[in-house]
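Taking it in order: structure first as structure tokens, then the write-up.
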Amino acid sequence: MKKTILITGGLGYIGSHAVIEFVKSGYEVVIIDNLSNTNIGVLDNIAKIINYKPKFYEINLINKTGLKNIFSNHNFDGVIHFAGLKAVGESCKNIGLYHNNNIVGTINLFETMEKYGVRNIIFSSSATVYKVNSEINTGLKETNLTGDTSNPYGTTKFVIEQLLKDYKNHKSWKVINLRYFNPIGAHTSGLLGENPNGIPNNLLPYIMKVATGELSEIGVFGNDYDTVDGTGVRDYIDVIDLVRGHLKAWELVENQNTKGKMEKKKVESKNNGFFETFNLGVGKGVSVLEMINIANKVVGKDIPYTIKSRRSGDLAIVYSDSSKANKILGWKTKISTMESIENSWKFYKKLKIKD
Ligand code: UFG
């Protein structure tokens, strides 16, 4: 029988790509989303790509009664939890909104999961939980220190990781905690991608909006860092590679479940929960100017930029050491930065035609 997975935030940027890959891999998927940073058209585009429209509920995780109704309608084997607000700048202005939406919503989700005996989860965390400074910011490993987050958005990810440890320790949950670096790219069909409301905060959506002519130029935040060309260096991972990491993580949860059952026979009272963290990144950094140069090749023209002062809170270099995921999950990124930008460009050109 098909396994049924609940995907929270399943109409968002990463969630929508995950829905596609999980359905393609034979899972039954149920989506919940409050449509706060996406729209229902994404569900139609998912249906166009996979010739099938997954069951969708429009709901905010703050609505616990609504959540219980959904859990009582389905028999979930597990949850992939993407839902959450994610704009770093906005989180500093609207702290309560982020705490409520991301943390309280997640507490409701976890309580409902426990009530219905759904104890397998993949959580979408972020590299932002690492305690980084100018000395330790390269080749980040899962064992690097976390905490002392620099913004409320990061705090919500950090707190949720701690909540999950409680469920693992005391309720035997099987948890895979995935720390993403900088997701970019789009579905190869050009039907799904990242289209933030308003002016984008992140580099590639901004570059794309300059390329379409919607914005006039991109500001490069600082060219005096100690990097290859003075601009900030990040680890840009393609969204499809990223969701493939989730598939591998799910396989690990399923294998652990089988192993857990066998162990349970021997020691009935043993807690067989587990909590495993994996970085998902390419493992190498690309500078802002390198990104603009690749984008220039893809779009066939020079994207205008000006050098601005450094953005507060930014670090010179942040990239992952993803060797744990490579080894244990048997996962590797396959898609080049150029291909990611080509797919994004396809997506943005289609949006432009619609306007
Ligand atoms: N940048 C510019 N101009 C822009 C936007 C960004 O020069 O208009 C630069 C930044 O200074 C940085 C790089 O491009 O050097 C990447 O910036 P992003 O805003 O795209 O991404 P960040 O690395 O700052 O943050 C991202 C996510 C966060 C997450 C963090 C984890 O946006 O949600 O990675 O490391 F927390």
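Tell me, please, whether a residue that is open to solvent by less than 20 Å² (accessible area, probe 1.4 Å), within 13 Å of the ligand (Cβ to nearest atom) and not in a helix (DSSP H, G or I) can be found in segment 126-135. Checked against the condition, which is being open to solvent by less than 20 Å² (accessible area, probe 1.4 Å), within 13 Å of the ligand (Cβ to nearest atom) and not in a helix (DSSP H, G or I), segment 126-135 yields at least one hit.
Among the conditions (1) open to solvent by less than 20 Å² (accessible area, probe 1.4 Å); (2) more than 16 Å from the ligand (Cβ to nearest atom); (3) more than 21 Å from residue 282 (Cβ to Cβ), residue 243 misses just one, which is (3). In summary, residue 93 fulfils each of the numbered conditions (1) touching a residue at least 24 places away in the same chain (Cβ under 8 Å); (2) open to solvent by 10 Å² or more (accessible area, probe 1.4 Å) with the single exception of condition (1).
Any residue at all in segment 186-197 that's within 11 Å of the ligand (Cβ to nearest atom), open to solvent by 40 Å² or more (accessible area, probe 1.4 Å) and at pLDDT below 95? Within segment 186-197, not a single residue is within 11 Å of the ligand (Cβ to nearest atom), open to solvent by 40 Å² or more (accessible area, probe 1.4 Å) and at pLDDT below 95. The residue that is farthest from residue 246 (Cα to Cα), counting only those in segment 298-321 that are in a loop (DSSP other than H, G, I, E, B) and free of Cβ contacts under 8 Å to residues at least 60 places away in the same chain, is 302. Does residue 212 qualify as being more than 14 Å from the chain's Cα centre (by Cα), more than 25 Å from residue 333 (Cα to Cα) and more than 14 Å from the ligand (Cβ to nearest atom)? When the stated conditions are applied, residue 212 passes them.
Out of curiosity, is residue 75 within 16 Å of the ligand (Cβ to nearest atom) and over 20 Å from the mean Cα position of the chain (by Cα)?
no
Somewhere in segment 64-84, is a residue open to solvent by less than 70 Å² (accessible area, probe 1.4 Å), farther than 26 Å from residue 254 by Cα and among the β-branched types (Val, Ile, Thr)? Checking segment 64-84: not a single residue is open to solvent by less than 70 Å² (accessible area, probe 1.4 Å), farther than 26 Å from residue 254 by Cα and among the β-branched types (Val, Ile, Thr).
The values are calculated or read from the model by the stated rules, or taken from the named source; none is laboratory data. Bear in mind the structure is a predicted one, so any value in this text is a computation, not a measurement. Using ideal geometry, Cβ is built from the backbone for each residue, glycine included, and neighbour counts are taken over all protein chains shown. Remember, those area values only see protein heavy atoms, side chains included, never the ligands or the DNA or RNA. Shrake-Rupley method; radii C 1.70, N 1.55, O 1.52, S 1.80 Å.
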